[in-house]
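Quick notes on the structure that follows.
The values are calculated or read from the model by the stated rules, or taken from the named source; none is laboratory data. Predicted model, so just to flag it, every value in this text is computed and none were measured. Cβ coordinates were reconstructed from backbone atoms using ideal geometry, including for glycine residues, and neighbour counts include every protein chain displayed. SASA here: full protein model, heavy atoms, side chains in, ligands and nucleic acids out. Shrake-Rupley method; radii C 1.70, N 1.55, O 1.52, S 1.80 Å.
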Amino acid sequence: MTYEESLDPELAAMLAKFPPLPDFRDIPAGRAAIKELMQKYPRVPNTAGVRISDRMVPGPAGGPQVRLRIYQPTTGSTPLPGMYYMHGGGYIIGTPDQEDDTVCQIVREVGCVAVSVDYRLAPENKFPAPVEDCYAGLKWMASHASEIGVDPARIAIGGRSAGGGLAAGLALMVRDRAEVKVIYQMLIYPMIDDRTRARPGATITDARVWNHAHNDLAWAAYLDTQPGGAGTSPYAAAARASNLAGLPPAYIVVGDAEVFLDENIEYARRLGQAGVRAELHVFPGAFHGWEVNVPAARASIRAVTERTAILKRALHG
């Protein structure tokens, strides 16, 4: 079976129209190519009912300030639950602005205030700079909760892809440092294991999706040690953590036609074994980022509807 034959037919029909991604061997050139693609195929976010503002806040010790993007409902009373969000991009590309549509949808339909963090990118800023930026932004959100209309006892964390990986590492960091309270983690096909290699016969090489070659290059850019070696911190790759007890409940969603399938299934299993309530949904025939790139597909609508309901339940009871 070819890769395209393994896909949901509705998703495969749209993927056939996608341009290839850059190979990211030259990361600055890859960023420029992604920017060009976004300009060629612009997406206008639906920001209705949401007020967006940016704020510079103190970063980690010895680091620069961190930009936070704050999303607040334009109507309704406060305080509301808070969602602390991290954008995707393999740790090497992206900004909070590119996920305005996703975060605004969460704010409107979950009923919360969201904060998205503009963490530093690799390879210019290797681990631990990005996750420390995320931690500094989360601390600011918790300590300034009343200022932005957030209930500090109801803060969830989450993100897509590398953002999900950062959320998983951040959950470990929050548990270990015990300075901030987080009640839920939403991990959308998280990038959590630098040891991931393609299974024999299961290599994803399609250049139109995040593939194994992209993944290997991104981990090499992000880590301050050799990917797959003995020295990787669990704050960088949460699957490396030997102890998952005491983490907040988690929702993990992944497609079965993507690089992170095995590591996501295994992480959900280990969370459950550690006594952490973990909900896992594997979408048949879905490739990486399917619900963002093909939003009108039935599998995409189901994925967004489901995670909205789960996050609403987690934050509102």
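So which helices (runs of 4 or more DSSP H) stay within the range 252-317 end to end and still have 2 or more residues that are of a type in the set (Gly, Ala, Ser) and in contact (Cβ under 8 Å) with a residue 60 or more places away in the chain?
Where helices (runs of 4 or more DSSP H) fall fully within the range 252-317 and carry at least 2 residues being of a type in the set (Gly, Ala, Ser) and in contact (Cβ under 8 Å) with a residue 60 or more places away in the chain, they are 298-316.
Condition first: open to solvent by 90 Å² or more (accessible area, probe 1.4 Å), part of a loop (DSSP other than H, G, I, E, B) and touching a residue at least 40 places away in the same chain (Cβ under 8 Å). Now tell me which residues in the range 1-38 satisfy that.
Within the range 1-38, just ARG25 meets the criteria.
(1) at pLDDT 95 or above; (2) hydrophobic (A, V, I, L, M, F, W, C); (3) over 19 Å from the mean Cα position of the chain (by Cα); (4) in a helix (DSSP H, G or I): which one isn't true of CYS104, the others all being true?
Here CYS104 meets the rest and fails (3).
Quick test of your reading of the structure: ASP54 fulfils all but one of (1) open to solvent by less than 70 Å² (accessible area, probe 1.4 Å); (2) assigned to a strand (DSSP E or B); (3) out of contact with any Pro (no Cβ under 8 Å at 6 or more places or on another chain). Name the failing condition by number.
(1)
Checking ALA213 against (1) within 15 Å of the chain's Cα centre (by Cα); (2) closer than 26 Å to ALA33 by Cα; (3) among the hydrophobic types (A, V, I, L, M, F, W, C), only one condition comes out false. Which one?
It fails just one condition, (1).
Of the residues that make up the range 39-50, is at least one outside any helix (DSSP H, G or I) and under 22 Å from PRO190 (Cα atoms)? Walk me through how you get there before you give the answer.
Of the residues in the range 39-50, the ones outside any helix (DSSP H, G or I) are 41-50.
If we keep only those that are under 22 Å from PRO190 (Cα atoms) too, we end up with none.
No, because not a single residue in the range 39-50 is outside any helix (DSSP H, G or I) and under 22 Å from PRO190 (Cα atoms).
With respect to PRO64, determine if the residue is part of a loop (DSSP other than H, G, I, E, B) and more than 26 Å from VAL180 (Cβ to Cβ). Spell out the reasoning first.
On the way: part of a loop (DSSP other than H, G, I, E, B): yes; more than 26 Å from VAL180 (Cβ to Cβ): no.
So PRO64 fails the test.
Looking only at helices (runs of 4 or more DSSP H) that lie completely in the range 121-223, which have at least 2 residues being within 25 Å of ILE52 (Cα to Cα)?
Details: elements: 129-143, 145-148, 162-177, 212-222.
Result: 129-143, 145-148, 162-177.
Quickly run through the range 288-299 and pick out the residues that are over 15 Å from PRO19 (Cα atoms) and either among the hydrophobic types (A, V, I, L, M, F, W, C) or buried (at least 22 other Cβ atoms within 10 Å of the Cβ) (or both). Give the steps one after another, and end with the answer.
To start, the set of residues in the range 288-299 that are over 15 Å from PRO19 (Cα atoms) comprises 291-292, 295-299.
Passing the criteria: GLU291, VAL292, ALA296, ALA297, ALA299.
Would you call ARG69 of a type in the set (D, E, K, R) and crowded, with 20+ Cβ neighbours inside 10 Å?
yes
Can we say VAL107 is buried (at least 19 other Cβ atoms within 10 Å of the Cβ), closer than 25 Å to LYS181 by Cα and without any contact (Cβ under 8 Å) to a residue 60 or more places away in the chain?
yes
Return yes when GLY246 is assigned to a helix (DSSP H, G or I), of a type in the set (Gly, Ala, Ser) and open to solvent by 10 Å² or more (accessible area, probe 1.4 Å) and no when it is not. Don't jump to the end; show me each part of the working.
Numbers: assigned to a helix (DSSP H, G or I): no; of a type in the set (Gly, Ala, Ser): yes; open to solvent by 10 Å² or more (accessible area, probe 1.4 Å): yes.
So GLY246 fails the test.
Determine, yes or no, whether ALA236 is at pLDDT 95 or above, crowded, with 16+ Cβ neighbours inside 10 Å, of a type outside the set (Phe, Trp, Tyr) and under 23 Å from PRO123 (Cα atoms). Step through it out loud before you land on a result.
Details: at pLDDT 95 or above: yes; crowded, with 16+ Cβ neighbours inside 10 Å: yes; of a type outside the set (Phe, Trp, Tyr): yes; under 23 Å from PRO123 (Cα atoms): yes.
Answer is yes for this residue.
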